[in-house]
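Q: For reference, the structure I am asking about is given below.
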There are 2 protein chains.
Amino acid sequence: MKKGLKLLDCTLRDGGYYTNWDFDKQLVKDYCSAMESLPIDYVEIGYRSVELDGYLGEYFYCPVYKMKELKGMMPNKKLVIILDEKNVGIQDIDDLLDPCVNFISMVRIAISPNSFDKAIPLAKAIKEKGFEVGFNIMYMSSWIENKDFIEKIPLIDGLVDYFYMVDSYGGVFPKDVEQIAKLVKSKTNCQIGFHGHDNLEMGLINSITAIDCGCSIIDSTITGMGRGAGNLKTELLMTYFASKLNWDVSFDKLSDVVADFEKLQEYHKWGTNLPYMISGAYSLPQKDVMSWISKRRYSIGGIVNALQEQVIEGDVN
Amino acid sequence: MKKGLKLLDCTLRDGGYYTNWDFDKQLVKDYCSAMESLPIDYVEIGYRSVELDGYLGEYFYCPVYKMKELKGMMPNKKLVIILDEKNVGIQDIDDLLDPCVNFISMVRIAISPNSFDKAIPLAKAIKEKGFEVGFNIMYMSSWIENKDFIEKIPLIDGLVDYFYMVDSYGGVFPKDVEQIAKLVKSKTNCQIGFHGHDNLEMGLINSITAIDCGCSIIDSTITGMGRGAGNLKTELLMTYFASKLNWDVSFDKLSDVVADFEKLQEYHKWGTNLPYMISGAYSLPQKDVMSWISKRRYSIGGIVNALQEQVIEGDVN
């Protein structure tokens, strides 16, 4: 099973949504040490970005000293950074990526289905610099209702290393994974990845299903640290591989790093809950659900009723 | 979908493992009110038991005044109590069940696969008193390696209302549910139930799979409150039914009772974690994993290594 299958841990990148991309130095050191000892291939360390308004921490910009330091602590891992297509244009690519060449193996792009066309030249520019390219299309749970971009998937052939199905809302079920993976495979020979969120506690079973359907790379984070309800938990994936497939997993290293992140979780409290379940089930951005609830403009029942009648204002997709 | 399918909430019974079966009066009142407004058929309120050593709270013994009070607060629900086969003999049945006749609709028995034969006369005695009978066989994740009792399943025909597959270790996956449900259905015409734990976050998908395989009744608890990693969460099941099957769910009532139990969860901290994942994946009693870790006799890695070599002393099943 391990042959061919790749794993990517993106704790610092996805977890940064809770810490504004700042992390304690000792925590990062322990994390890197755990990554080195676990059967994980790629470690995504953060974003690279043009300067945005407001304060954003080190792991949002990943300056050269940070990439160098992390590569020093994880010499045996392939390091990854991600670009957010909505903030980055083709004119930014040289500035953002030339400094990465010595440290970074793969550059991924986070892409809305509507921005598929705009992301193609970005992918080309990244590939020309010699990086592996991850093409991460978001909002998987609404792909079937919004199929236009599916026809464009053949454009990535020969250009992209991993085409990612990103379940941003944590809203897909194993049957959806099967259906969509089959559809994607009919459009491209590119390797396929799956990035699952855990709103409906489908992170692990969706990832297992994706692997069964021929996916080549799976994302996870320690303790599931990540936006809203969070991601597939690396420790759950490791336990599955160790128990079912006899992978050699260093549980003591894993246990130590999980304990470190659990301390942070006591403060930030990521993980699923009823509002996140609802946002997953109805493919609704979790920040909207949380903001509506926190403003007390709507009760949970009111939000759900409005959704069912499709009358809440704002961008549901 | 709702036609034929029954739901059972057992928050007080399974949650009692964390509170020694004591619950705050106002919390129980709010819980009963939520149950009355949700599409749940059965509410399991606790154990009935002969007196055991040491202090055990009201919901472990469910005295008559408690059953009466709860029935008064949930007049539209079928109330359920459970007997633990290892503590209860046929000679105790009159004393334990005669006082229940006016309040309780179903009596379940928690049964180790090895005690199948001993549980049959208990089921007969319960049925003769006019109760529905639930026959809850534990340790589902080790049934396939320990198949002897499977051949005895036909003995329950005509005697038992629900034959329950209980995933005590939270160790089964959807494929196991399919395989075992098919096997059970080949042995009996009795209605089948599924009681899932959440060690590997399989509670919901296993329950959906059980329903797809023809199971008639599913258990859950508010916030998943229950032994160790806990149960399928009632709010997750409700969100699934509301979003996928258009069930009419009172999300405000649900949200209020979830918030009440979340306060209790901050103290007791049920839910899965790495030790519970390991106990699920290896079908190991979670109390043993927790006790080994808390005594620091073994590291997590040491426990897993020993399990893989099957050298740890004690009852693994």
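Q: Running a GNM on chain B with Cα contacts under 10 Å, which residue among B:Phe23, B:Phe163, B:Phe60 ends up with the highest mean-square fluctuation?
A: Answer for the Gaussian network model of chain B: B:Phe23.
Q: Sorted from shortest, what are the nm distances separating the label point of A:Leu159 from equivalent points in the other copies, each placed 7 Å from Cα along Cα to C-beta?
A: Between copies, matching label points for A:Leu159 lie 6.8 nm apart.
Q: Go ahead and set up a Gaussian network model of chain B, Cα springs under 10 Å, then flag whichever of B:Gln191, B:Gln265, B:Gln91 fluctuates most.
A: Of the options given, B:Gln91 has the highest mean-square fluctuation.
Q: Once the convex hull of the C-alpha atoms of the stretch B:3-152 is built, how many Å³ does it hold per residue, rounded to a whole number? List each step's numbers first, then the result.
A: Details: hull volume 20.2 nm³, N = 150.
For the stretch B:3-152, the hull spanned by Cα atoms encloses 134 Å³ per residue.
Q: Just the Cα atoms of the stretch A:193-246: what Rg and Dmax do they give in Å?
A: 10.5, 32
Q: While we're looking at this one, here's another question. What distance in nm separates the two pseudo spin-label positions at A:Asp24 and B:Ser299, each 7 Å out from Cα along the beta-carbon direction?
A: The answer from the label model is 2.1 nm.
Q: Provide, in order from the shortest bin, the percent of all Cα-Cα pairs of the stretch A:35-78 in each 5 Å bin, continuing until the bin that contains the maximum pair distance.
A: Spelled out per bin, shortest first, that is 5, 21, 27, 20, 13, 9, 5, 1.
Q: Given DSSP loops and a limit of at most 16 other Cβ atoms within 10 Å, what is the longest stretch of chain A that contains no such GluC sites (Glu not before Pro)?
A: A:146-308
Q: Running a GNM on chain B with Cα contacts under 10 Å, which residue among B:Asp24, B:Asp248, B:Asp117 ends up with the highest mean-square fluctuation?
A: The residue that fluctuates most here is B:Asp24.
Q: Enter the Cα centre distance for the pair the stretch A:119-165 and the stretch B:148-173, rounded to the nearest angstrom.
A: If we compute the Cα centre of each part, the gap is 48 Å.
Q: I would also like to ask the following. Give the span of the stretch B:176-215's Cα atoms along each principal axis, as three whole-Å numbers ordered largest to smallest.
A: 29, 15, 14
Q: Highest mean first, what order results for A:73-84, B:5-16 on Cβ atoms within 10 Å?
A: Most protected by this proxy first, the peptides run B:5-16, A:73-84.
Q: Given C-alpha coordinates of the stretch A:68-191, what is the ratio Rg to Rh with the Kirkwood estimate of Rh?
A: A ratio of 0.99.
Q: Moving on to the next point. If chain B were replaced by its equivalent ellipsoid, with semi-axes equal to the square roots of 5 times the Cα gyration tensor eigenvalues, what would those be, largest first, whole Å?
A: 27, 24, 21
Q: Suppose you put the label 7 Å out from Cα in the Cβ direction; list, shortest first and in nm with one decimal, how far B:Tyr298 is from each other copy's label.
A: 4.9
Q: Give A:Lys77/A:Lys182; A:Lys118/A:Lys187; B:Lys152/B:Lys244; B:Lys68/B:Lys129; A:Lys25/A:Lys68; A:Lys295/B:Lys263 a once-over and call out the pairs whose C-alpha atoms are over 26 Å from each other.
A: Too far apart for the 26 Å limit: A:Lys77/A:Lys182; B:Lys152/B:Lys244.
Q: I've got another one for you. Considering only the label points, 7 Å along Cα→Cβ from Cα, what distances in nm to one decimal separate A:Glu128 from the same position in each other copy, shortest first?
A: The answer, with the shortest distance listed first, is 8.8 nm.
Q: Hey, got the average number of other protein chain Cβ atoms within 10 angstrom for residues in A:238-251?
A: So the per-residue partner count for this stretch is 4.
Q: Antiparallel DSSP bridges in the protein assembly as shown: what percent, to the nearest 5?
A: 5 percent
Q: Also, quick follow-up: Volume per residue, Å³, of the convex hull around the alpha-carbon atoms of the stretch B:57-119?
A: In the stretch B:57-119, the Cα hull volume divided by residue count equals 90 Å³.
Q: Using all C-alpha to C-alpha distances in the stretch A:9-62, build P(r) with 5 Å bins and read off the rounded percent in each one.
A: 5, 19, 29, 24, 13, 6, 3, 0
Q: Extending each Cα 7 Å along its Cβ direction at B:Asp248 and A:Lys147, get the distance between those two points in nm, one decimal.
A: About 3.4 nm separates the two model spin labels.
Q: Return the aspartates and glutamates within reach of A:Lys127: Cα separation strictly under 19 angstrom, same-chain partners fewer than 8 residues apart disregarded; answer none if there are no such residues.
A: Answer for A:Lys127, where 19 Å is the Cα cut-off: A:Glu44, A:Asp84, A:Glu85, A:Asp92, A:Asp94, A:Asp95, A:Asp98, A:Asp117, A:Asp157, A:Asp161, listed by chain and number.
Q: Tell me, how many Å apart are the Cα centres for the stretch A:221-273 and for the stretch A:89-110?
A: Using only Cα atoms to place each centre, the spacing works out to 29 Å.
Q: Of all alpha-carbon pairs in the protein assembly as shown, indicate the percentage at a distance above 40 angstrom.
A: Values: 60556 of 200661 pairs.
Summing the P(r) tail past 40 Å for the protein assembly as shown gives 30 percent.
Throughout, read-outs are computed from the coordinates displayed, never taken from laboratory work. Everything quoted here is computed from the prediction, not taken from an experiment. For neighbour counting, all protein chains shown are included, and Cβ atoms are generated from backbone atoms with ideal geometry for every residue, glycine included.
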